[in-house]
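> Here it is, the structure, as structure tokens.
The values are calculated or read from the model by the stated rules, or taken from the named source; none is laboratory data. Keep in mind that what you see is a predicted model, and the values were worked out from it rather than measured. Every residue, glycine as well, gets a Cβ built from its backbone with ideal geometry; the counts of neighbours run over all protein chains shown.
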Amino acid sequence: MDSSSSLENLIKEYIAKNDARVQSHDATLRSLENQIGQIANALNVRPQGSLPSNTEDPRRKGKEHCKAILLRNGREIERREKPKAVQNEPTSIQEQDEQHQQEEILRTMKKNLWSSLFG
């Protein structure tokens, strides 16, 4: 009788620890779902074709060029050479592809998290 009550106590302890772990995982998943939702909303809030609030592109640091120089007297100085076209200028198609890739990454992360926790 003593070994069965000891086994019963071990099973009860295991169940209690397992329940606590499941609750912890549930809370973590809710937090991650909330964060994923916030990221998705941030991506979808900006209208297509509009610029973000910070229009500086850190990738272009040091690559800026002057398109026109206007003197105080109103005279414009002509450029001596044509600036080279920027090859990596984002287009609406590129922005859509990036958004799609980000959404796909979030879906994959969520699926992997679920499978690692419950799979």
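> So for segment 104-111 (the condition being at pLDDT 80 or above, among the hydroxyl-bearing types (Ser, Thr, Tyr) and within 28 Å of Val22 (Cβ to Cβ)), does at least one residue qualify?
In the first step, residues of segment 104-111 are kept if they are at pLDDT 80 or above; the result is 104-111.
Retained after the next criterion (residues that are among the hydroxyl-bearing types (Ser, Thr, Tyr)): 108.
Add one more test, that the residue is within 28 Å of Val22 (Cβ to Cβ), and what stays is 108.
Yes, the conditions are met somewhere in segment 104-111.
> Separate question: So, in segment 93-119, of the ones that are within 14 Å of the chain's Cα centre (by Cα) and among the β-branched types (Val, Ile, Thr), which residue ends up farthest from Arg30 (Cα to Cα)?
Ile105
> Sticking with this structure for a sec: Which one is surrounded by the fewest Cβ atoms within 10 Å (Cβ to Cβ) among residues in segment 11-69 that are modelled with pLDDT of 75 or more and under 23 Å from Ile93 (Cβ atoms)?
By that ranking, first place goes to Val45.
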